[in-house]
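Notes for the one structure printed next.
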Amino acid sequence: MSMRKGMMHTIEAIFAILIIMSFLLILRTKLQPAEDTGREQAIALQALQALDQQGLLRSYAIDENHLGMNTQAHAVVPTELNHTTRLCYSGDRCIGDALPDRNVFTASYIIAGNSTYFKPAQVLLHIWR
């Protein structure tokens with residue numbers, strides 16, 4: 001009788017392990033990270049750095065001209081990627097287009113203004129396929 005109880009506990013333990021392993025396998029497949037995450041973010045950051053080196057980032061941010069910045073970003077973002085820019089100011093006020101319903105990779109730059117005008121802003125460049 002105790003031999004049967006031992007076998008039943010062993011079988012129950014095997015079933016419990018199988019159920020847990022199945023759950024973890026299903027959970028793992030659903031939580032797969034987006035591929036090339038680092039590549040898109042690196043491209044977005046390089047594009048913002050290029051715009052800053054050209055002296056364009058600050059002027060567009062101070063003028064609150066996200067469309068002009070978007071046009072300039074078009075020249076530095078590879079053509080196979082879609083992009084949009086957003087400008088965020090104090091008080092959670094942001095100017096820019098709505099983001100698509102897909103994986104979007106973002107790089108951000110924080111600027112304080114230029115040499116004569118203090119206007120802190122966060123410049124966001126969003127990239128997606």
* Test N70 against the stated conditions and say whether it is of a type in the set (S, T, N, Q), surrounded by fewer than 19 Cβ atoms within 10 Å (Cβ to Cβ) and at pLDDT 90 or above. => yes
* Asked: Just checking, which of F118, F105 is surrounded by 10 or more Cβ atoms within 10 Å (Cβ to Cβ) and of a type outside the set (D, E)?
  -> F105
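Per-residue answers, yes or no, for (1) among the aliphatic types (A, V, I, L, M); (2) in a loop (DSSP other than H, G, I, E, B); (3) closer than 23 Å to Q54 by Cα:
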{"position": "R86", "(1), (2), (3)": "no, no, yes"}
{"position": "C94", "(1), (2), (3)": "no, no, no"}
{"position": "P100", "(1), (2), (3)": "no, yes, no"}
{"position": "Y109", "(1), (2), (3)": "no, no, yes"}
{"position": "A112", "(1), (2), (3)": "yes, no, yes"}
{"position": "S115", "(1), (2), (3)": "no, yes, yes"}
* Asked: So I43 fits all but one of (1) modelled with pLDDT under 85; (2) in a helix (DSSP H, G or I); what number is the exception?
  -> (1)
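The values are calculated or read from the model by the stated rules, or taken from the named source; none is laboratory data. Being a predicted model, the structure only gives us computed values, none of them experimental. Neighbour counts run over all protein chains shown; Cβ positions are idealised from the backbone, glycine included.
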